Amino acid sequence: MKIKILGSSAGGGFPQWNCNCGNCEGVRRGSVRATPRTQSSIAVTANGEDWLLVNASPDLLTQAAANPDMQPARRIRDSGIAAVLVVDSQIDHVTGLLMLRERSTPLPLYTTDAVWDDLTGGFPVAPILSHYCGIERRSVALDGEPFEVAGLSGVQVTALPLNSKAPPYSPHRETPVRGDNIGLVITNRYTGRRVFYAPGLGVVGPQVLKAMRDADLLLVDGTFWTSDEMIRLDLSDKTAADMGHLPQSGRGGMIEVLDSIGPRNVEDVKGVASPQPVRKVLIHINNTNPILVEDGSERGVLVDHGIEVGSDGMTFEL
């Protein structure tokens, strides 16, 4: 099973088109060591040809061009995207669905009921696509049972409800419902290795912590460094928690959570167990986050804690 980070930035990308914060202005002028990033998405494959796209970023066309291995070119019009799964209905995770309208067959789309309500109501992507390729909606259950995606033989996906925020246009923005936001456990059924994926993670409850501790690879919310990051920069009056994100620093922050996750005992082909380190990677990084500066002190803190900063194109074999 191969997992590829297509986009590692939060909504708006990095640099954000209208932002002149120190990070964005610095990367444009070359005065800071930082790498541009597109908006949040990953892709998963079992055979290297058919891919599950997890979240459809507004930058999808750029991401497809940057990853030619996702274009198998089996016919005059073709794509390696076998299906799409969205973990929420945030604009930076669903707008790219509109870019898939040229398909000749309905797009298989996996969503929870709450997300499907948003995509047929407040942000009517599904009705719009009904005039083009159409959508073949497949329900994502929240009962803890794994399911498989056509074209990804041996790959199982399990959805976990998360405490986060629905998008501002959603009728349940301030009154969350189960399924507004999910994390995913993606497992290679043949090797038993798994990834926990959660680009929007506001609270780490017992079920989520267990999933993190059972994973070999963590791709988790790296949106903000501090709770008041946007407030201090006079870019918003909302805290990280108000926007459904757990900051890295501070008491109970993502660094502290990740520090609590030790090596996993993994059996080899002879059944002998040995401790294997868990790879910890931050994704969905906001353009204001100082961890984007590669030689900055905040990046150094992450290095000291064994935490990586995700970037576009990173690939993992599990």
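Tabulated values for the structure
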| read-out | value |
| --- | --- |
| Percent RCO, i.e. relative contact order, over the stretch 100-181, from Cα pairs under 8 Å lying at least 6 residues apart | 30 |
| Contact order relative to length of the stretch 78-228, as percent, for alpha carbon pairs under 8 angstrom and 6 or more apart | 19 |
| Reference-scaled alpha-carbon Rg (2.2 N^0.38 Å with N residues) for the stretch 80-183 | 1.05 |
| Under 16 Å from the Cα of Lys165 - lysines, other chains or at least 8 residues apart | Lys238 |
| Mean separation of Cα contacts under 8 Å, 6 or more apart, over the residue count of the chain: relative contact order % | 19 |
| Burial ordering of Cys24, Cys19, fewest other beta-carbon atoms within 10 Å first | Cys19, Cys24 |
| For Leu6, residues with placed amide H under 5 Å, excluding near neighbours | Ser41, Ile42, Ala43, Gly313 |
| Longest site-free stretch - the chain; sites: chymotrypsin sites (Phe, Trp or Tyr not before Pro), DSSP loop, at most 14 other Cβ within 10 Å | 191-318 |
| Distant-in-sequence amide H partners of Ala83 (H built 1.01 Å from N, under 5 Å) | Trp51, Leu53 |
| Free-standing Cys residues across the chain, given no other cysteine C-beta under 4.7 angstrom | Cys21, Cys133 |
| Gyration tensor verdict on the stretch 2-317 (Cα atoms; rounded if a/c is under 1.5, prolate if a/b is larger than b/c, oblate otherwise) | rounded |
| Estimated inter-spin distance, Ala66 and Arg279, nm [label 7 Å along Cα→Cβ] | 1.8 |
| The stretch 266-318: trypsin sites (Lys or Arg not before Pro) falling in loop per DSSP and having at most 11 other Cβ within 10 Å | Lys270 |
| Selected from Ser297, Ile255, Pro15, residue furthest toward positive end of dipole (the stretch 2-317; charges at beta carbon) | Pro15 |
| Computed label-point distance, nm, for sites Asp228 and Arg178 using a 7 Å Cα→Cβ extension | 3.7 |
| J(HN,Hα) series, the stretch 175-184, from Karplus relation 6.51 cos²θ - 1.76 cosθ + 1.60, nearest Hz, glycine and proline x | 10, x, 10, 5, x, 4, 8, 10, x, 10 |
| Calculated diffusion of the stretch 177-249, Stokes-Einstein form, Kirkwood radius summed over Cα pairs, 37 °C and 0.692 mPa s, µm²/s | 243 |
| Euclidean distance between Cα centres, the stretch 1-32 to the stretch 51-129, Å | 22 |
| Cα pair distances in the stretch 256-298, grouped into 10 Å bins until the bin that holds the longest one, percent each | 22, 32, 25, 15, 5 |
| Fewest-first sequence of Thr191, Thr45 by Cβ atoms within 10 Å of each Cβ | Thr191, Thr45 |
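No lab work stands behind these numbers, since they all come straight from the coordinates. As the structure is a computational prediction, the values presented were derived from the model and not from experiment. Glycine also receives a Cβ, built like all others from the backbone with ideal geometry; neighbour counts cover every protein chain displayed.
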